[in-house]
Amino acid sequence: MIRTATPDDVPVIHALIRELAEYERALEEARATEEQLHAALFGPDAVAHALIAEEPVEPVADGAGEDSSEGAGSDSGAGTVVGFALWFRNFSTWTGTPGLYLEDLYVRPQARGGGHGKALLAALAAVCVERGYERFEWAVLDWNEKALGVYRSIGARPQDEWTVQRLSGPALAELAALAHAR
């Protein structure tokens, strides 16, 4: 099941982001706090949105194993959280329409192959269609063959002529200083 994230999901979203960063071999770069995520997703100037993928909690027979649905990966009782997608709106000057940029999509290893990733992507595609967004874009690490296979299976195509550029840290500060020097 795919659902819109709520403020109660912030701790599990934070945990999933940390798991994703570890999978991508960059855990030290994942510095966002739960407070920052709450503000970004649910604050007065929210800049992002998130969807949650859940597996239903199995019914327990005759009270046996009553605590089986508690623990990491569970939320307020609707199901066990197995993944998420975090996105924000962008804009194309060429189409004159907003688009959707998928920042993160992650499904826990034990739930992979269960269709959760495709279900998250389908839900985001539905957001695009419902809102008149003409583009749905994201980046993927070139070594992530399983993710690339999923993306090809839904019709996504690489934009090989475009290379992502990033300015951060000292280089960002140095360039910003040039604006103040003028």
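The values are calculated or read from the model by the stated rules, or taken from the named source; none is laboratory data. Keep in mind that what you see is a predicted model, and the values were worked out from it rather than measured. Cβ: placed from backbone, ideal geometry, glycine included. Neighbour counts: every protein chain shown. SASA here: full protein model, heavy atoms, side chains in, ligands and nucleic acids out. Shrake-Rupley method; radii C 1.70, N 1.55, O 1.52, S 1.80 Å.
If you check D104, D142, which single one turns out to be among the acidic types (D, E) and closer than 16 Å to I2 by Cα? Give the steps one after another, and end with the answer.
Details: D142 fails: closer than 16 Å to I2 by Cα.
Going through D104, D142 in turn, just one is among the acidic types (D, E) and closer than 16 Å to I2 by Cα: D104.
I'm trying to understand the selection: among the residues of the stretch 10-26, which are in a helix (DSSP H, G or I) and more than 13 Å from the chain's Cα centre (by Cα)?
Taking the stretch 10-26 and keeping what is in a helix (DSSP H, G or I), we get 10-23.
Correct list: P11, E22, Y23.
Only residues that are part of a helix (DSSP H, G or I) and surrounded by 12 or more Cβ atoms within 10 Å (Cβ to Cβ): list them for the stretch 27-59, please. It would help to see each step written out before you state the result.
We begin by selecting, within the stretch 27-59, every residue part of a helix (DSSP H, G or I); these are 27-29, 34-42.
The answer is L27, E34, Q36, L37, H38, A39, A40, L41, F42.
In the stretch 102-118, how many residues are open to solvent by 40 Å² or more (accessible area, probe 1.4 Å) and part of a helix (DSSP H, G or I)?
Residues flagged as open to solvent by 40 Å² or more (accessible area, probe 1.4 Å) and part of a helix (DSSP H, G or I) within the stretch 102-118 amount to 3.
Limited to the stretch 154-182, what total is found for residues that are in a helix (DSSP H, G or I) and surrounded by fewer than 10 Cβ atoms within 10 Å (Cβ to Cβ)? Spell out how you get there, then give the answer.
Narrowing the stretch 154-182 to residues in a helix (DSSP H, G or I): 169-181.
Still in the running and surrounded by fewer than 10 Cβ atoms within 10 Å (Cβ to Cβ): 169-170, 177-181.
Residues flagged as in a helix (DSSP H, G or I) and surrounded by fewer than 10 Cβ atoms within 10 Å (Cβ to Cβ) within the stretch 154-182 amount to 7.
Looking at (1) at pLDDT 95 or above; (2) farther than 21 Å from N144 by Cβ, which is the only condition P59 fails?
The one condition P59 does not meet is (1).
Is it the case that the stretch 124-144 has a residue that's in a helix (DSSP H, G or I), open to solvent by less than 60 Å² (accessible area, probe 1.4 Å), free of Cβ contacts under 8 Å to residues at least 60 places away in the same chain and in contact with a helix residue (DSSP H, G or I) (Cβ under 7 Å, 6 or more places away or on another chain)?
The answer is no; no qualifying residue exists.
Out of (1) farther than 29 Å from P7 by Cβ; (2) of a type outside the set (S, T, Y); (3) in contact with a helix residue (DSSP H, G or I) (Cβ under 7 Å, 6 or more places away or on another chain), what's the single condition that is false for F84?
(1)
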